[in-house]
1. Computing the accessible area with a 1.4 Å probe over protein heavy atoms, can you report the carbon and sulfur percentage for the range 243-330?
2. Given the options His224, His94, His304, which has the most mean-square fluctuation in a GNM of the chain, springs set between C-alpha atoms less than 10 angstrom apart?
3. At most 14 other C-beta atoms within 10 Å and a DSSP loop state: those are the exposed trypsin sites (Lys or Arg not before Pro) I care about. Give me the longest piece of the chain that has none.
4. Grab the eigenvalues of the alpha-carbon gyration tensor for the range 147-284, scale each by 5, take roots, and send me the semi-axes largest first in whole angstrom.
5. Using the Cα centre of the chain as the reference point, and only Cβ charges (+1 on K/R, -1 on D/E), how large is the resulting charge dipole? Debye, rounded to the nearest 20.
6. Restricting to Cα atoms and excluding each atom paired with itself, what does the Kirkwood estimate give for the range 1-65 in Å?
7. Considering the Cα positions of the range 82-123, please state its Rg to one decimal place and its Dmax as a whole number of Å.
8. With only alpha-carbon atoms in the gyration tensor, what are the semi-axes of the equivalent ellipsoid for the range 107-191, in Å, largest first?
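The values are calculated or read from the model by the stated rules, or taken from the named source; none is laboratory data. Since we're looking at a predicted model, the values are computed, not measured. Reconstructed Cβ throughout: ideal geometry from the backbone, glycine too, with neighbour counts over all protein chains shown. When the accessible area is computed, the model is the full protein with side chains, heavy atoms only, and any ligands, DNA or RNA have been set aside. Shrake-Rupley method; radii C 1.70, N 1.55, O 1.52, S 1.80 Å.
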Amino acid sequence: MNERILDSFTKDALEAARANNTYRSMRLMETPESSCVKIRMPDGASQEQILLASNSYLDLANIDELKQAMAQAVLEWGTGSGGARLTTGNKTPHQELEEFIAKFKGEESAITFNTGYMANVGTISALCGKNDFIFSDELNHASIIDGIRLSRAKCFVYKHNDMADLQRVIQEAEKSRAESALPAPRKLIVTDAVFSMDGDLANLPELLRIAKETDCLLMIDEAHATGVLGKTGRGLAEHYGCAHADVTVGTLSKAVAAEGGFVAGPKQLTEFLKNKSRSFIFTTAMAPAVAAAACNNLRYIDAHPERVQNLRDNVKFFCEALQREGVNVEQSPSAIVPIVIGDEAKAMQISAKLQEQGILIPAIRYPTVAKGQARLRASLMATHTREQLQTAASIIAQSVKEGA
Ligand SMILES: Cc1ncc(COP(=O)(O)O)c(C=O)c1O
């Protein structure tokens, strides 16, 4: 081991992260994901926490009926898929899952990836190449940004959720291309449906209008929208009661509480991705039991729309409780409630203090959010009780007022 060489790659970055309070380390959870968990505290003891930090918004990860269904799928299908989807990995549960996703999302077809990250990266880089234009919201998720980088398309970033700025950017991009000798570009608009660190929503009706008027393809990432938005959790289009985007990406790892990502849309799109998306082609298929679990969990969401309603009611109750306690938050349209603190060190201290008091809300810092925008990112579950939420709101308010 050549320590000097390793230092030259890693030491400065680690020291800088420590110095500016952005050093990351993992917390150990000793119980399954649910609204109440046990974690290992810095002194080695176990402590119970109200979990206000999970993406498992409907709290499906630890339901007996769903765990048993997954265990049964393991017994039937084994532990792994054994091959890529295009070689030997494509098993009945993968196909059933894709058929069910298409039905659930009201689309002609769906294709699954091993993660939502891989779905975004593989879709954008397959659709776009270096002569194309991509218009991207400034707060889009890292997996969208990485997909854009991989595509080598020219990226134009528009101000967060600012539709006038999007139109301005499209016009400027078109003008610059018209003045060059290059061929007319293909154009893609891409946005999160629910912004993961702010919890606000993309304006789908306006995006559809602009995409149509400017001949752009529209792609939305419903990672935090599936199972959350709309009366039955079908996502952003159901929330607005409008048409779907051309390309809908989603994940099976958040409200669906399994693992994987998907793209839903016309069959021509999913056939294209099967042929051209490198993160679909060059990887082993997800374990069939995981595909079966994702499908069972989605069926459960379909059969239990009241769970989606419970989540919405909890978000409303929690935001109102925080507001009553004097915390500056807006009513969130999703399951994510950001409590912006600003200073990185202060956000870390408040989060640590909350943890000591049995409330788990991580501080989110640069580079996940902009510098000076550090926040507590609370996310709610359908199963939090009113008592848990009121207790949490009071303790959070107290800690924010005290600055720690
Ligand atoms: C908006 C968004 N898109 C995509 C992803 C990636 O999904 P996955 O965790 O399934 O890789 C995430 C979070 O992880 C996300 O927040």
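1. Answer for the range 243-330 is 46 percent, counting heavy atoms of protein chains only.
2. His304
3. Details: sites that count: Arg24, Arg27, Lys130, Arg152, Lys159, Lys231, Lys371.
Formally, the longest exposed-site-free interval is 232-370.
4. Values: eigenvalues 137, 82, 35 Å².
Computed over the range 147-284, the values are 26, 20, 13 Å.
5. Working: 44 positive and 49 negative charges, 136 e Å.
With Lys and Arg at +1 and Asp and Glu at -1, about 660 debye.
6. Numbers: mean 1/r = 0.0666 Å⁻¹.
By the Kirkwood definition, the hydrodynamic radius is 15.0 Å.
7. 11.0, 31
8. Working: eigenvalues 110, 49, 25 Å².
Semi-axes, largest first: 23, 16, 11 Å.
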